[in-house]
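Let me begin by presenting the structure, written as structure tokens, before commenting on it.
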């Protein structure tokens, strides 16, 4: 049986959207402003998480964000993410944006429980 490991951005002020600033949100670009000298340490942790993952479980917005950027980019971390199977929880998404993705519809807890049973690691 698989396990779910959560990796998320948490905000005290509600601003997590537009980490690179390319979407033009008022507080966009926050990620690059604050990562600074910790970039290498952060990248090592992210790569280790990606290498240990069997699949990615995402919401619609994460699929839209990564699916429109990641396939055209490369690097060890992105290559790994692009190669993984992805499961997108959504009741409104018609077609996933990211490659190798399946939409999970219906009751979320039940769908994710089934996914855990089918996944190793």
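The values are calculated or read from the model by the stated rules, or taken from the named source; none is laboratory data. No experiment lies behind these values; they were computed from the predicted model shown. Note: ideal-geometry Cβ built from the backbone for every residue, glycine included; neighbour counts use all protein chains shown.
Condition check ((1) within 14 Å of the chain's Cα centre (by Cα); (2) in contact (Cβ under 8 Å) with a residue 60 or more places away in the chain) across all residues:
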{"residue": "39", "(1), (2)": "no, no"}
{"residue": "46", "(1), (2)": "yes, no"}
{"residue": "54", "(1), (2)": "yes, yes"}
{"residue": "70", "(1), (2)": "yes, no"}
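When we screen 33, 51 for residues that are modelled with pLDDT under 80 and assigned to a helix (DSSP H, G or I), the only hit is 33. Taken as a whole, the condition of being free of Cβ contacts under 8 Å to residues at least 60 places away in the same chain and either buried (at least 16 other Cβ atoms within 10 Å of the Cβ) or over 11 Å from the mean Cα position of the chain (by Cα) (or both) applies to residue 93.
The set of residues in the range 67-98 that are in contact with a strand residue (DSSP E or B) (Cβ under 8 Å, 6 or more places away or on another chain) and either within 19 Å of residue 112 (Cβ to Cβ) or in the same structural domain as residue 28 (by TED's automatic domain parsing) (or both) comprises 84, 85, 86, 87, 88, 89, 90, 93, 96, 98.
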